[in-house]
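The values are calculated or read from the model by the stated rules, or taken from the named source; none is laboratory data. This one's a predicted model, so the numbers in the text were calculated from it and none came from an experiment. Every residue, glycine among them, receives a Cβ derived from its backbone with ideal geometry; neighbour counts consider all protein chains shown. When the accessible area is computed, the model is the full protein with side chains, heavy atoms only, and any ligands, DNA or RNA have been set aside. Shrake-Rupley method; radii C 1.70, N 1.55, O 1.52, S 1.80 Å.
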Amino acid sequence: MPTYRDEVVVLRTHKLGEADRILTLLSRRNGKVRAVAKGVRRTSSKFGARLEPFMVADVQMYKGRSLDIVQQAESLGAYGADIATDYDRYTAASAMSETADRLNEAETTPQQYLLLVGGLRALARGDHAPRSVLDSYLLRVMSLSGWAPSLRECARCGAPGPHDWFVAQLGGIVCSACAPAGSPRVSPETGDLMRALLAGEWDQVDAASHGATAASSGLIAAYAQWHTERGIRSLSHLEAPR
């Protein structure tokens, strides 16, 4: 049975039997992988703690028919403990992992893996507000997956912006002629913030007002929920930005 090595992020885990776990992993080179980690729930396990959610590891695995088997694991990023001790960080990381799981049922790319690792690292370090890290991740990963939102030109007719309405179903910001009745209005500050989140301009993101942060978070969540079709359950547990 062939073996291979890869770098992985642990997205979620499920108990199997008395001592094993089934892992859902996002890997750098092999996309999304489901694998069995045998004996990791025993206190004597040598690498069980390295295979908890939000951890990044270098693993060696057997290629199985339906589930691969983890043979070795070396820690590359122990982010789980720092994330789990803070509710906002934990819920943001859960939403990021669930999004990665949903989007990567098809072929993934190394850029999607690196984006998730960078987001989890930022959450663990407390570099920025957890909701802002999540919002930036959602905009970027949607773009990498082929659903880049239009944040200046009209998403429907292409008219030069900026414009004042946002419609997730139409692909982002739209002009007054294309906006259906009842469309959410986007203030200039909120539009600027969304563009900064997508570009990773963190000085501008961190200086944004509470109102713009809350408004952009709601629009970004709606956009991500629409394009993932089945929705992202973890988003319902997020508290409003403070």
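Computed values, structure above
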| item | result |
| --- | --- |
| Qualifying residue in segment 82-103 (condition: among the polar types (S, T, N, Q), in a helix (DSSP H, G or I) and farther than 21 Å from L23 by Cα) | no |
| So R140, is it touching a helix residue (DSSP H, G or I) at 6+ places or on another chain (Cβ under 7 Å), open to solvent by 60 Å² or more (accessible area, probe 1.4 Å) and not in a helix (DSSP H, G or I) | no |
| Top-ranked residue in segment 2-59 [being among the small types (G, A, S), open to solvent by less than 30 Å² (accessible area, probe 1.4 Å) and in a loop (DSSP other than H, G, I, E, B); ranked as nearest to R102 (Cα to Cα)] | G31 |
| Residue in segment 128-135 that is in a loop (DSSP other than H, G, I, E, B), more than 27 Å from K32 (Cα to Cα), in contact with a Lys or Arg (Cβ under 9 Å, 6 or more places away or on another chain) and at pLDDT 95 or above present | yes |
| Residue match in segment 110-123 (condition: part of a loop (DSSP other than H, G, I, E, B), out of contact with any strand residue (DSSP E or B) (no Cβ under 9 Å at 6 or more places or on another chain) and closer than 18 Å to G200 by Cα) | no |
| Of all residues in segment 186-197 being open to solvent by less than 60 Å² (accessible area, probe 1.4 Å) and not basic (K, R), the one that is farthest from S145 (Cα to Cα) | S187 |
| Long-range neighbours under 8 Å by Cβ, at least six apart or interchain, first residue over 19 Å from K32 (Cβ atoms) and without any contact (Cβ under 8 Å) to a residue 40 or more places away in the chain within segment 70-97, second of a type in the set (G, A, S) and not in a helix (DSSP H, G or I) | E74/A57; S75/A57 |
| Verdict on Y90 being more than 30 Å from A177 (Cα to Cα), among the aromatic types (F, W, Y) and crowded, with 21+ Cβ neighbours inside 10 Å | no |
| Selected residue (criterion: nearest to L116 (Cα to Cα)) from residues of segment 60-87 that are of a type in the set (V, I, T) and open to solvent by 40 Å² or more (accessible area, probe 1.4 Å) | T85 |
| Given (1) among the acidic types (D, E); (2) in contact with a helix residue (DSSP H, G or I) (Cβ under 8 Å, 6 or more places away or on another chain); (3) open to solvent by 60 Å² or more (accessible area, probe 1.4 Å), index of the condition D135 fails | (3) |
| Top-ranked residue in segment 98-125 [being open to solvent by 40 Å² or more (accessible area, probe 1.4 Å) and farther than 20 Å from H227 by Cβ; ranked as farthest from the chain's Cα centre (by Cα)] | R125 |
| S176, sole failed condition from (1) open to solvent by less than 40 Å² (accessible area, probe 1.4 Å); (2) of a type in the set (S, T, Y); (3) more than 22 Å from the chain's Cα centre (by Cα) | (1) |
| Only listed residue being over 19 Å from the mean Cα position of the chain (by Cα) and open to solvent by 30 Å² or more (accessible area, probe 1.4 Å), chosen from S236, S183, S209, S145 | S209 |
| Yes/no for R34 being more than 22 Å from Y90 (Cα to Cα) and not hydrophobic (A, V, I, L, M, F, W, C) | yes |
